[in-house]
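**Student:** Would you mind keeping the following structure in view while I ask a few things?
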Amino acid sequence: MASNAPVKVLVTGFGPFLDIATNPSWEIARTLPASMLGLGGESIQLIDPAHPMPAAYHDIKAQVASLIDTHAPDLVVHMGLDVESGRGVFKIERSAPKEGYHEFPDIRRKVFTRFENKKEFAKAPASLNTSLNIGAAEEIWRAACAPITLATSRVSQQNAKKGKRLERQNVLVQLSDNVGTYVCGFCYYVALLHLQSHTGKRHATFLHVPPLETEADVLVGVRVTEEVVRALAHVM
């Protein structure tokens, strides 16, 4: 994106859900810097809301639209926890489905019913893809993250405190097309549809992060997220 103006990037993370009291997606989002340099030397302004995104369908629908309308970002990166991800695996999602959110109740024990879906999304496509060149971004992201490592486990960190060698593993970053039909998929679909309707572009993606148990783990997640933002801004 060639411009003298800063690239504005809205980044969100989710709050608690299920038995997850501390959601690493929000811990990453709130720890990100306010600004950083892009790959071409451009200024990137990171917009981080004051509070996490509630894991509740109706709140998500209202807040995603409000945040986009208020901040008019050039790029949106929503983040959420993938409880099934292996340690150190970060995924950027290609697309989000329109339906399926009637199956799993949110933190308020509510679903987004089929009637609501038909009323709110009307004739919107059954799925929406990001309009970003996600393949090119993934290649840049993977190269940038190649030297980033994560402690292999809590046990190894405890051993390090006892003077034993800290074992580390490389993080793994990859493309995915399985955002799911819970709040992550819903958030992504709402963002893509709102951006399409108001800007004509779907410059958004969803970043699934793995469980990150310690402050050091979260700082690794911050580094990985900074690199995906740089990569995505570069291919806009």
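The values are calculated or read from the model by the stated rules, or taken from the named source; none is laboratory data. Quantities reported herein were computed from a predicted structural model and do not represent experimental measurements. Every residue, glycine among them, receives a Cβ derived from its backbone with ideal geometry; neighbour counts consider all protein chains shown. Just the protein is used for accessible areas: all its heavy atoms, side chains included, with ligands, DNA and RNA removed. Shrake-Rupley method; radii C 1.70, N 1.55, O 1.52, S 1.80 Å.
**Student:** Span-like helices, the chain: DSSP H, alpha-carbon axial extent 18 Å or more, mean Kyte-Doolittle -1.0 or greater, which ones?
**Tutor:** Taking the DSSP H segments of the chain (at least 18 Å long, mean hydropathy at least -1.0), we get 57-71, 183-199, 215-234.
**Student:** Using a simple spin-label model with points 7 Å from Cα along the Cα→Cβ vector, what separation in nm is obtained for residue 178 and residue 35?
**Tutor:** In this crude spin-label approximation the distance works out to 4.1 nm.
**Student:** Follow-up. Leaving out ligands and nucleic acids, and using a 1.4 Å probe, what accessible area per residue does the chain come to in Å²?
**Tutor:** Result: 48 Å² per residue.
**Student:** Right, next: Would you kindly find the accessible area of residue 145, with a 1.4 Å probe and non-protein molecules such as ligands, DNA and RNA excluded, rounding to the nearest 10 Å²?
**Tutor:** Accessible area of residue 145: about 0 Å².
**Student:** Picking from 197, 214, 236, whose Cα lies most toward the positive end of the charge dipole for region 189-236 (charges on Cβ: Lys, Arg +1; Asp, Glu -1)?
**Tutor:** Result: 197.
**Student:** May I pose another question? Taking all protein chains together and a probe of 1.4 Å, list 208, 51 from the most accessible to the least accessible.
**Tutor:** The ordering from most to least exposed comes out as 51, 208.
**Student:** Do the sum for the chain: with -39,500 (n - 2.57) for every DSSP H run of n ≥ 4, divided by all residues, what is the mean residue ellipticity at 222 nm, to the nearest 500 deg cm²/dmol?
**Tutor:** -11500 deg cm²/dmol
**Student:** If you don't mind, there's one more thing I want to ask. Let me see the pair-distance distribution of the chain: every alpha carbon pair, 10 Å bin width, integer percents in order.
**Tutor:** Result, from short to long distances: 8, 33, 36, 17, 5, 1, 0 percent.
**Student:** If contacts are Cα pairs under 8 angstrom and at least 6 residues apart, what is the relative contact order of region 86-140 in percent?
**Tutor:** Relative CO of region 86-140 lands at 43 percent.
**Student:** Of all the accessible heavy-atom surface of the chain, with the other protein chains kept in place and a 1.4 Å probe, what percent is carbon and sulfur?
**Tutor:** That share works out to 50 percent.
**Student:** With Cβ to Cβ distances under 13 Å as the rule, what net charge do the other residues near residue 134 carry (K, R +1; D, E -1)?
**Tutor:** Result for the local shell: 0.
**Student:** If you take every residue apart from residue 210 with its C-beta less than 13 Å away from the C-beta of residue 210, what net charge results, scoring Lys and Arg +1 and Asp and Glu -1?
**Tutor:** Taking every Cβ under 13 Å from that of residue 210, the sum is -3.
**Student:** Also: With each label point set 7 Å from Cα along the Cα-Cβ vector, what nm distance links residue 235 and residue 107?
**Tutor:** Spacing of the two 7 Å Cα→Cβ label points: 3.1 nm.
**Student:** If we sort 4-16, 59-71 on the protection proxy, mean other Cβ atoms within 10 Å, highest first, what's the order?
**Tutor:** Ranked by mean Cβ neighbours within 10 Å, highest first: 4-16, 59-71.
**Student:** Now, a different point. Enter the accessible area of residue 223 (Å², nearest 10), with the probe set to 1.4 Å and all protein chains included.
**Tutor:** 120 Å²
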